[in-house]
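The values are calculated or read from the model by the stated rules, or taken from the named source; none is laboratory data. The model shown is predicted, which means the values in this text are computed figures rather than measured ones. Here the Cβ is made from the backbone with ideal geometry for all residues, glycine too, and neighbour counts use every protein chain on show. Heavy atoms of the whole protein, side chains included, go into the accessibility calculation; ligands, DNA and RNA do not. Shrake-Rupley method; radii C 1.70, N 1.55, O 1.52, S 1.80 Å.
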Amino acid sequence: MGDMAPPAGCDHREDQQHLEHRKDLQFPSGGTVRRCRVLQWDSEEPVPRAELLSRVAGVRGLLCLLSDRIDREVLDAAGPDLKVISTMSVGFDHLALDEIKKRGIRVGYTPDVLTDATAELSVALLLSACRRLPEAAEQVRSGGWTTWKPLWMCGYGLSDSTVGIIGLGRIGQAVARRLKPFGVRKFLYTGSGPKPETAAEFGAEFVPLTRLAEESDFVVVTCALTPATQGMCNKDFFSRMKKTSVFVNTSRGTVVNQEDLYNALAQGQIAAAGLDVTTPEPLPTDHPLLSLKNCVILPHIGSATYATRNTMAVLAANNLLAGLRGEPMPHELKL
């Protein structure tokens, strides 16, 4: 199953005889061996919408990526046989969960396995932004490096700083754990509520969002996208931040009002930003944020290590097969 690339549909029936990219898999179920016919979109590019709608008809299971919008239209096209959806992601804002719940469809996802990789990328992005690494590398390539200068390419360091984390979940904790050895003086965090046992490891203090913005030298956003967090990092938020502060987002693009972020960066309200997520994705090459030297933007690669992506793929496949067997999934989203 290692070469199965999502999105893919599984169908136990034998009446579909003319499917392209068809693979037959065998797996144990209740003491017997059952057959799973897989229809695979064999490309790293997203499956075209029309192709998805036509191919999903009659499948029992669907394995998708976060780039695949699984909404009512897809569910209607799939029909009543669809019982399981497995997404190769920890986020699920691309899934129409209310509609999925109405239809009694089970959902598997891939949390935990990408925590370390995303936390590492968050720290790398923070360091790239605060120490101006892409800008400095460009100076080397363009001939801007002429001699040593006392204040040339100076940025901001983590030692004796205050770091604010929006969302002290698995990834937020992993970020704090990695930043602590840099000599961070104080951690602040905000979210749906205090987590005293979790926060104790870092001596982190639970504070309102406004105070976190005002006191933090670095703000790292690792929260889930919810109605409460959508657009929460906006003009008011950035206006409260220090002019020397650095903003990093590795959660979801729509947590941030990008126009407000652009204005804050362009007008010097904050020092720099690092983004691994944007709205939309991919970000258009003429987007104003890309014109700023103090904004580092990556193409949503938080979990992009070979080991992590392989683990995610196997877990997504195992979630799907467990669901088809009617068994507990390794990681099932509770709807």
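Quick look at the values:
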| item | result |
| --- | --- |
| Selected residue (only one of Asp286, Asp260, Asp276 is in contact with a His (Cβ under 8 Å, 6 or more places away or on another chain) and either modelled with pLDDT under 95 or not β-branched (Val, Ile, Thr) (or both)) | Asp276 |
| Residues that are open to solvent by less than 40 Å² (accessible area, probe 1.4 Å) and not aromatic (Phe, Trp, Tyr), drawn from the range 199-212 | Ala199, Ala204, Val207, Leu212 |
| Pairs where the first residue, in the range 178-204, is of a type outside the set (S, T, N, Q) and the second is exposed (fewer than 13 other Cβ atoms within 10 Å of the Cβ), C-beta under 6 Å, 6+ apart | Gly183/Ser159; Arg185/Asp160 |
| Where a residue in the range 134-152 is touching a residue at least 40 places away in the same chain (Cβ under 8 Å) and closer than 26 Å to Leu290 by Cβ and its partner, wherever it lies, is of a type outside the set (Val, Ile, Thr) and open to solvent by 90 Å² or more (accessible area, probe 1.4 Å), with Cβ under 6 Å and at least six apart | Glu135/Lys293 |
| Counted residues, the range 66-88 - those being under 20 Å from Val314 (Cβ atoms) and surrounded by fewer than 18 Cβ atoms within 10 Å (Cβ to Cβ) | 1 |
| Any hit, the range 66-74, residues being assigned to a loop (DSSP other than H, G, I, E, B), in contact (Cβ under 8 Å) with a residue 12 or more places away in the chain and on the phi > 0 side of the Ramachandran plot | no |
| Some residue of the range 89-99 being farther than 19 Å from Thr226 by Cβ and either open to solvent by less than 10 Å² (accessible area, probe 1.4 Å) or part of a helix (DSSP H, G or I) (or both) | no |
| Failed criterion for Leu320 (all others in (1) in a helix (DSSP H, G or I); (2) out of contact with any helix residue (DSSP H, G or I) (no Cβ under 6 Å at 6 or more places or on another chain); (3) under 21 Å from Glu138 (Cβ atoms) hold) | (3) |
| Check on Glu120, at pLDDT 95 or above, at negative phi and open to solvent by 70 Å² or more (accessible area, probe 1.4 Å) | yes |
| Selected residue (criterion: farthest from Gly91 (Cα to Cα)) from residues of the range 234-251 that are in contact with a helix residue (DSSP H, G or I) (Cβ under 6 Å, 6 or more places away or on another chain) and open to solvent by less than 20 Å² (accessible area, probe 1.4 Å) | Met241 |
| Which listed residue, of Leu324, Leu320, Leu261, Leu275, is open to solvent by 10 Å² or more (accessible area, probe 1.4 Å) and among the aliphatic types (A, V, I, L, M) | Leu324 |
| Failed condition for Thr254, given (1) open to solvent by less than 70 Å² (accessible area, probe 1.4 Å); (2) part of a loop (DSSP other than H, G, I, E, B) | (2) |
| Residue in the range 142-163 that is at pLDDT 95 or above, assigned to a helix (DSSP H, G or I) and open to solvent by 20 Å² or more (accessible area, probe 1.4 Å) present | yes |
| Residues that are open to solvent by less than 30 Å² (accessible area, probe 1.4 Å), of a type in the set (A, V, I, L, M) and in a helix (DSSP H, G or I), drawn from the range 278-317 | Leu289, Met312, Leu315, Ala316, Ala317 |
| Residues (touching a Leu at 6+ places or on another chain (Cβ under 6 Å) and outside any loop (DSSP other than H, G, I, E, B)) located in the range 182-197 | Phe182, Leu188, Tyr189, Thr190 |
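Conditions (1) over 22 Å from Leu298 (Cβ atoms); (2) touching an Asp or Glu at 6+ places or on another chain (Cβ under 9 Å); (3) among the aliphatic types (A, V, I, L, M), marked per residue:
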site	(1), (2), (3)
Asp98	yes, no, no
Lys101	yes, no, no
Val123	no, no, yes
Leu133	no, no, yes
Gln139	no, no, no
Trp145	yes, no, no
Cys154	yes, no, no
Leu168	yes, no, yes
Gln173	no, yes, no
